[in-house]
Amino acid sequence: MSGFAVRALGVVTGWGRGIEALSAARPAASPAVLAVQPSVRTGERLRRATRECLLAVDAVDALLEDGGLSREDIAGPGTALVYVTAAAYGASNRAFIGGGGGALHFPYTAPSAVPAEVAIEFGLHGPYAVLIGGATATIDAMEHARVLLSRGACARALVLAVETFQECADVLARGGVGCDAPLVEAAVAALLVRADAAERGEALERAAPAESAARERVAPPEPAARERAAPAEPAAPERAVPEAPAARERAAPPEPAPPESAAPESAAPERAAPEAPGAREFNDTLACAPLIALASARARGERRIDLRGAWRGREATTTVGVQGPAHPGWREG
């Protein structure tokens, strides 16, 4: 199966907007949720759109700016859209159940409302899929994009992840989510193409393959189906890891512990210096973590990265070609 490469990225997080915000020093004490507000938009079409929908539009706009592209460059049947979230539909559901929305608000309680707004806003008519889950669902989404690209079902694939927590912070706290680190809201978009096209430095094709219409309903990989069956309230297994050293210390003989185990909180400096983070560095963004790790790797000039994600005891990996922001041949003509 053909590999794939990332051609452009858009990143919006509670740490700040843009990839450069990922390397900023993070405070030792943070609120339970680092929220991010979407751009203010005028016009009737997005007047009722929820915060998560608007953040998704912001992420795709940032992607276009990053790649020097116009909306017309991704519009049409040649662009597939694969959307992932673990929690972003929680806010709209809570508002509706609590009487905060009427019949016009009801459609936004579905996870598919976010990619639907993106598809309408940017004129995307290609294959489409929604995956529910954490970081492993995002890896599944990227693998699904690889399948679509290798089969010629699309010329490019937009993988989009959005996570919002602010409206449901108390519910997440009761469930123990984010108790050892703040949850960070994020919206990240990655534009993927076939690796062979990326190596040739080809311009984006606007015409969809003839067979794309017949393949629009290619099913996501089976692991993604299992992700969709998971409850809406996520739990991040990785956050339980810091407890393991303490458990081993209790089981060990009464010998002097090495200096590292004597200070389990030593993991905190890693968060204060994220200049070379991996996917686990961004676990507090749930489904956005692999894409943020990808953006961080590209910013460091890496050309290939092995992305890893873990969620509810499951792990998944994929390898992506990474192009630097000034990669030659990014756009021709």
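The values are calculated or read from the model by the stated rules, or taken from the named source; none is laboratory data. Bear in mind that the values here come from a model prediction, so they are computed numbers and not experimental data. Because the Cβ atoms are built from the backbone with ideal geometry, glycine has one as well, and the counts that use them run over all protein chains shown.
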Item to complete: Need at least 1 residues that are modelled with pLDDT of 95 or more and over 20 Å from Asp170 (Cα atoms) per element, so show me which helices (runs of 4 or more DSSP H) inside region 50-101 make the cut, counting only ones lying wholly within it.
Response: 51-67, 71-74
Worksheet item: Taking Glu117, is it in contact (Cβ under 8 Å) with a residue 60 or more places away in the chain and out of contact with any strand residue (DSSP E or B) (no Cβ under 6 Å at 6 or more places or on another chain)?
Response: yes
Worksheet entry | Search result, residues across region 145-175 that are under 16 Å from the mean Cα position of the chain (by Cα) and of a type in the set (Asp, Glu) | Glu163
Fill in: Members of region 122-167 found to be within 30 Å of Ile97 (Cα to Cα) and among the hydroxyl-bearing types (Ser, Thr, Tyr), listed by number
Tyr128, Thr136, Thr138, Thr164
Worksheet item: Based on what the data block shows, is Ala169 at pLDDT 70 or above and under 24 Å from Tyr128 (Cβ atoms)?
Response: no
Worksheet item: For region 130-142, does any single residue satisfy the condition of being surrounded by fewer than 24 Cβ atoms within 10 Å (Cβ to Cβ), at negative phi and among the small types (Gly, Ala, Ser)?
Response: no
Worksheet entry | Condition met for Gly152 (at pLDDT 90 or above and outside any strand (DSSP E or B)) | yes
